[in-house]
Amino acid sequence: ALTRIGLAGLAVMGQNLALNIAEKGFPISVYNRTTSKVDETVQRAKLEGNLPLYGFHDPASFVNSIQKPRVVIMLVKAGAPVDQTIATLAAHLEQGDCIVDGGNEWYENTERREKAMEERGLLYLGMGVSGGEEGARHGPSMMPGGSLEAYQYIEDILLKVSAQVPDSGPCVTYIGKGGSGNFVKMVLKSVGKLTNGELQQVFAEWNKGELLSFLVEITADIFSIKDDQGEGYLVDKVLDKTGMKGTGKWTVLSGLKDERVAASKIFQGDYSSGETVDKAQLIEDVRKALYASKICSYAQGMNIIKAKSTEKGWGLNLGELARIWKGGCIIRASFLDRIKKAYDRNGELANLLIDPEFAQEIMDRQAAWRRVVCLAINNGVSTPGMSASLAYFDSYRRDRLPANLVQAQRDYFGAHTYERVDMPGSFHTEWYKIANSKI
Ligand code: 2AM
């Protein structure tokens, strides 16, 4: 008998997603360039409950084992490997068949491939999958974009395979046309002298309220784990160097461990301000500051997506995105419900910050937020997230910014012209001549 769907690319994510699909009752064919991984996956399917998963060592018999119209999900390395895998598969696919890229692909590559596939009579989806290997195996958040027809072929599978959140439903929705699925996925991050035990309690307590989220929950857990190789807590033994799987490749300062160690010797000194700090007040302030900062980072993330959606005409539904992120992915948080409601109230909301409920929450927390950032600055502690969020808020709420000076400078050095606050039109001034003729 033919299988319902195929999956090519059996590294960790691919294996787990294939097993998840099989476990939900959809017979699946699997293939990988290196055939030992095919056998490994077949073995796992046996051990994990005789799941309906069938392995193939060559692309032709793999493709021919799938019922028509055929759907193949690819989970291979982004970039050239995806093009190579498409070429291998497409040689055996027929009109109306469909390829789904479930990797973290750059959205413009997805758009290019979708067009190329369309010319060959094939359908294409670029599907962001969030939740790591655990999510892939037991329920990820899935963001499929591209051909709506292709989405409809596999909607029944995706609805069952994705994370299931009570009251919110399965964490999947058709995102929009083109590369929108991959784009949306991409957008998807000592003063108080608290002990690890106290920190564990603080985070556990926070997780009961408005900050309830996966990241706050796991942080509490982390502060409770003792080191099994020696004295003390494990978290203090973990090297402070940010690792990356390749999901985000931008340079971050925390990666430059050796340089930081050298700089710390040059800038030695006592950075403590000597202020007396009330621990209970500080904990309460940090909780509020964290919440306000979170609103700002979600506002910015949503606006990046919104701007691209407008540019590309994708017509994305931001409230739906908040809903499907409630399970599977690391940003899952009760807070996402509130974001969904804000967009349900007003689908054209210019910025989350000005939704009446979020605006009030920011107002109620800004004094605490400013106290925390000031305290950190006074003590030489860097708080990049909280202070950048505060700077964003303080810029966004201003009706006039010092950008007038930048415009004047641009007109001075490059005659780029400027507009005026009091009359329409484009103006240029001979700043240099006027300034120097006065001397
Ligand atoms: P492999 O096991 O044969 O290396 C993650 O690296 C996944 O992408 C693996 O399944 C890997 O297959 C696959 N992959 C990487 N480059 C590939 C390529 N050029 N063609 C096919 N699959 C590739």
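Only the coordinates and a few stated rules stand behind these numbers; no lab work does. Here the structure is a predicted model, which is why all the values come from computation and not from measurement. All Cβ positions, glycine included, derive from the backbone under ideal geometry; neighbour counts span all protein chains shown.
Below, the figures for the structure above:
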| read-out | value |
| --- | --- |
| Ordering of 410-423, 218-231 by burial proxy (mean other Cβ atoms within 10 Å per residue, highest first) | 218-231, 410-423 |
| Residues listed by number, the stretch 64-97, amide nitrogen under 16 Å from Glu118 label point at 7 Å toward C-beta | 96-97 |
| Within-11-Å neighbourhood charge of Met143 [Cβ basis; K, R +1; D, E -1] | 0 |
| Per-residue HN-Hα couplings for the stretch 301-318 [Karplus 6.51, -1.76, 1.60; θ = phi - 60°; Hz; x = Gly/Pro] | x, 5, 6, 5, 5, 4, 5, 5, 4, 5, 4, 8, x, 6, x, 5, 9, 5 |
| Projected area, mean over directions - the stretch 279-396, Cα convex hull, nm² | 8.2 nm² |
| Helix-only mean residue ellipticity at 222 nm for the chain, each DSSP H run of n ≥ 4 adding -39500 (n - 2.57), per residue, nearest 500 | -15500 deg cm²/dmol |
| Segments 256-266, 26-36 sorted - mean Cβ within 10 Å per residue, highest first | 26-36, 256-266 |
| Loop sites in the stretch 305-367: GluC sites (Glu not before Pro), DSSP, at most 14 other Cβ within 10 Å | Glu348 |
| Order of Ser254, Ser389 - criterion: other Cβ atoms within 10 Å of each residue's Cβ, fewest first | Ser254, Ser389 |
| Pairwise label distance in nanometres, Asp258 with Leu47, each label 7 Å out on the Cα-Cβ vector | 3.9 nm |
| Bins of 10 Å from zero: percent of alpha-carbon pairs in the chain | 4, 17, 24, 22, 18, 11, 4, 1, 0, 0 |
| Full-extension gain in nm, Thr310 to Val238, via 0.36 nm per residue minus C-alpha separation | 21.6 nm |
| Between the stretch 394-439 and the stretch 285-341, the Cα center-to-center distance that results, in Å | 36 Å |
| Rg and Dmax of the stretch 5-187, Cα atoms only, in Å | 14.8, 44 |
| Under 13 Å, Cβ to Cβ, from Arg44 - net charge with Lys/Arg +1 and Asp/Glu -1 | -2 |
| Net charge of neighbours whose Cβ lies under 14 Å from the Cβ of Pro356, counting Lys and Arg as +1 and Asp and Glu as -1 | -2 |
